[in-house]
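Notes follow the structure.
Values in this text are rule-based calculations from the coordinates and carry no lab data. Predicted model, so just to flag it, every value in this text is computed and none were measured. Here the Cβ positions follow ideal geometry from the backbone for every residue, glycine too, while neighbour counts run over all protein chains shown.
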Amino acid sequence: MSSPPATDLSPSTALHDGHQLARGAAANVLVLVAANFRGVFTFLIARLLGGAALGAFGLMATITDMLSKPGTLGFEEGMVPLVARRRAVGDGEGARLIFRRGLVASLAASVVIAIVGIAAVEWLVRRGSLNALGPGASLMLLALPAISLARISTAASRASFVLTNEFYSRGITETLITIVTFVGLVAVGLHATSASLAVVVGSTCGGGVAWWLARRALRPLAGRNREGRVDMPAAIRYAAPIAGSGLLNVLILNLDVLILSAFVGHAPGVTPQSFGVFCAAAEIAGGMRKVRQVFDPIFGPVAASRDAGDDPLALKETVKGPGRWVLAAQLPIVGALALASGTIMSIYGQAFREGALWLALLAVAHATNSFGGLVETLMMIRKPTLNLINATVTVLAQLMASWVLIPRFGVTGAAVAMGLGFVVQGILRFAEMKHVFGWSWPWQSLMRPVMAFAVAMTPALPLRALGGPFAELGSAAVFIAGYVLCWLWLGADPEDREIWRLLRGGAAKPAASPAAI
């Protein structure tokens, strides 16, 4: 049997795939670093408007993010294969046509959803069902068309293997304009609606830049439209399940905020102020997902091409590197957030220190979900319906846990329920992977990061037990230093060293034998 084409390019399947993954991830790091400056926006909301305002913003941002999924009609992710397939067969005209028509359809859907959503949110606010929101917060939904424009345009750029466009549109344009607009609106006295309007203005500018860059990326594609037309109903039917899965995933990631908002004033200790503190903790802990997002744009295509080969175990070798890299990057963040959670929360103000425990719990929960997300990508290759089932079960588990724990333990109950939901989801994912692919996750490849974490945490925990800001910062510093030193002692995995050699332009060492491939 012949090997997949990629295996001819390097001494081993895993090494070649690791090289591709590392190069793609490196291109995404800059995007995510720039996008993380959006945290300055939430910091300014907390500092200038207070915890209650930050809670209202967090809730409205969650609602907006959820409604953006049906607004894109699934083309946020579906546009990648739709454009890539036509690009692969030399149908440049068809690629541009599917992009334009998909964009028009999603913009129309987003406008309708925005109008209906604004009316529904304002009605719920008047009824008192959303106590965390104030008048005018629903104006953020006006950003839905711009969000669709940005996300679909970015997907089209990725399909053309242009991974840096998001840096200019979202990372630079949207982030900076949102912050500047917010400060300007607060300065002129528009406190109540400043955050929502800033999101609308920033998203619109970022979406415009993303669209212009996508057109530039698609323009060089040559080839006539051989099919003569684009079957948009078929394209929408293809992308709709992706929209459903994406909506459920967003719901899972934000369900703690949504459920807790319903308990404001109705559970012990759940006040508008404590809800705002929890939203700040959720915002920080949610940054754990950014680690996996470094690999997502390239991991999917590489895994799919490897799974299409003749060797059923080749994919298992391919996932070793990304799994190790994601965990190695997540563990020091989890440790630092857990050890210095009170000091980190106090950046928003001293009143936010009460969210220290919530931040620690949410950091562990989001790290668990982020690592398990690699399995979600694998399942999308063969059994995407299982992801929908997993997401549904996770939502139900989290709902049940929240309704039991929040009335008894308040905000802490919401954080614990989030973790329980992700544990259920992780168990389902890894059990299904064994059933679908016939092999378990290569856990032995994770020994180095796990060992480094355990060794570094050993001296940090006693220092943290002393209490106080200095003990928190000192324990976090000791942990990070210990983690780095432990890695220096253990050394990088041999395969990772070979990938680094390739990234630097060197030649890889020959494979020892075909059995090693």
Query raised in the report: For the residue pair Trp443 and Leu396, what label-to-label distance in nm results when each label sits 7 Å from Cα along the Cα-to-beta-carbon direction?
Result: 2.7 nm
Query raised in the report: Does a label point 7 Å from the Cα of Leu190, set along Cα-to-beta-carbon, have any residues of the range 152-181 with amide nitrogen under 15 Å, and which are they?
Result: 177-181
Query - Residues of type lysines that Lys434 reaches as a straight line, Cα spacing below 16 Å, ignoring anything fewer than 8 places off in the same chain - result: Lys316, Lys320, Lys383
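Suppose we take every Cα in the range 372-465 and form the convex hull; what volume per residue is that in Å³? The partial results should precede the final answer.
Working: hull volume 10.3 nm³, N = 94.
Convex hull of Cα atoms, per residue: 109 Å³.
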Query - Separation in nanometres of the label points that stand 7 Å from Cα toward Cβ, at Phe470 and Arg100 - result: 6.8 nm
**Report entry** Dipole in debye (nearest 20) - the range 31-230, about Cα centre, beta carbon charges: Lys, Arg +1; Asp, Glu -1
**Finding:** 640 debye
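For Ala481 and Ile347 in the same chain, what is the full-extension length gain: residue separation times 0.36 nm, less their Cα-Cα distance, in nm? Walk me through the numbers before you get to the answer.
Values: separation 134, 0.36 × 134 = 48.24 nm, distance 2.27 nm.
Gain on extension, Ala481 to Ile347, equals 46.0 nm.
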Requested in this report: Bin all alpha-carbon pair distances of the range 48-187 at 10 Å intervals from 0 and give each bin's fraction as a whole percent.
Outcome: 11, 33, 31, 17, 6, 1
Query - Filtered GluC sites (Glu not before Pro), the range 59-141: DSSP coil and at most 16 other beta carbons within 10 Å - result: none
Requested in this report: Rounding to the nearest 20 debye, state how big the charge dipole of the range 38-91 is about its Cα centre with +1 on each Lys and Arg Cβ and -1 on each Asp and Glu Cβ.
Outcome: 120 debye
Query - Farthest positive-ward along the range 342-501 dipole, Cα basis, beta-carbon charges - from Tyr348, Leu446, Leu361 - result: Leu361
Report summary line: Of 467-475, 49-57, ordering from highest average Cβ density within 10 Å down gives 49-57, 467-475
Requested in this report: Mind jotting down the distance between the C-alpha centroids of the range 420-435 and the range 352-390, whole Å?
Outcome: 10 Å
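Applying 1/(1 + (r/R0)^6) with R0 = 30 Å to the Cβ-Cβ distance of Arg126 and Trp403, what FRET efficiency is obtained, to the nearest 0.05?
On the way: r = 25 Å, r/R0 = 0.84.
That gives a FRET efficiency of 0.75.
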